[in-house]
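Comments concern the structure below.
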Amino acid sequence: MSSLPTIAHELGLSLRSVQRRCERGEIPGAYRAKKRGHWKVDLNRWHEIRRIWTDPAFLRAATKGRDAFYFTLTAKGISNDDLNDLDSLKERDRESYDYICHEQFRVHPKAYDALERQSERSKHSVGMLIMKGERLRLNGQESTTENLARELGVSVPTLHRWYLPQEIRRARGVEDTRGRVDVEVRGQRGSQTKTPRESKKRFEKRFSQADDD
């Protein structure tokens, strides 16, 4: 294993940049020893890490695979906290635990098609936008435009240039009904907290709405 400062130095990146890439799952073999501990990297994956950052084609392929992985987890209702605390997940949701730990991982059959779906305003993926919004909710965060922009690594003005207002509202989980705006945020409604099964249905609904537009 190796510390992040060493990896940052070898890749010619800042420490914060490497931390963000670990959080987004872009560094193979990166893990946390504890739920909120420091990031470590398995040096057995060093050749793979170097290839990702020196071969643009490999980086694109790895990025698509990473996005499909997180799409699949989102469709299953599995949050980042679930991944970081598998013992707790085992007690709460044995089906999701077995899927991560014991079953052969299978990418969701609609993952690549959904992530390649483009916005009506630009060539950027509206599927990615919807997925980011749902992962924010799964992770107990508000799906605001600011948070969506942060997750995509862009500014709020850029977010609005890339996507139509209705696409952003759908990603945020906002429904307009007779002037009433309702934002779904996991964990902020007491007894109405979403279960994994409800999260799956909500995620599927977002994409079925996109197909109807």
Considering the stretch 109-139, residues that are of a type in the set (Asp, Glu) and either within 16 Å of the chain's Cα centre (by Cα) or outside the structural domain of Leu152 (by TED's automatic domain parsing) (or both), and then whichever is farthest from Asn84 (Cα to Cα), we arrive at Glu116
Flagged pairs (Cβ under 9 angstrom, 6 or more apart or on separate chains; first in the stretch 19-32, at positive phi; second aromatic (Phe, Trp, Tyr)) are Gly25/Phe69; Gly25/Tyr70; Gly29/Trp46
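This table checks each residue for (1) closer than 21 Å to Gly153 by Cβ; (2) of a type in the set (A, V, I, L, M, F, W, C); (3) at pLDDT below 80.
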| position | (1), (2), (3) |
| --- | --- |
| Leu11 | yes, yes, yes |
| Ser17 | yes, no, no |
| Arg20 | yes, no, yes |
| Arg36 | no, no, yes |
| Leu43 | no, yes, yes |
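Confirm whether Ser79 is under 19 Å from Ile168 (Cα atoms) and among the polar types (S, T, N, Q).
On the way: under 19 Å from Ile168 (Cα atoms): no; among the polar types (S, T, N, Q): yes.
Against the criterion (under 19 Å from Ile168 (Cα atoms) and among the polar types (S, T, N, Q)), Ser79 does not qualify.
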Note: among Arg135, Arg172, just one is basic (Lys, Arg) and under 18 Å from Gly65 (Cβ atoms), namely Arg135
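The values are calculated or read from the model by the stated rules, or taken from the named source; none is laboratory data. Small disclaimer: the values here were computed from a predicted structure and weren't measured. All Cβ positions, glycine included, derive from the backbone under ideal geometry; neighbour counts span all protein chains shown.
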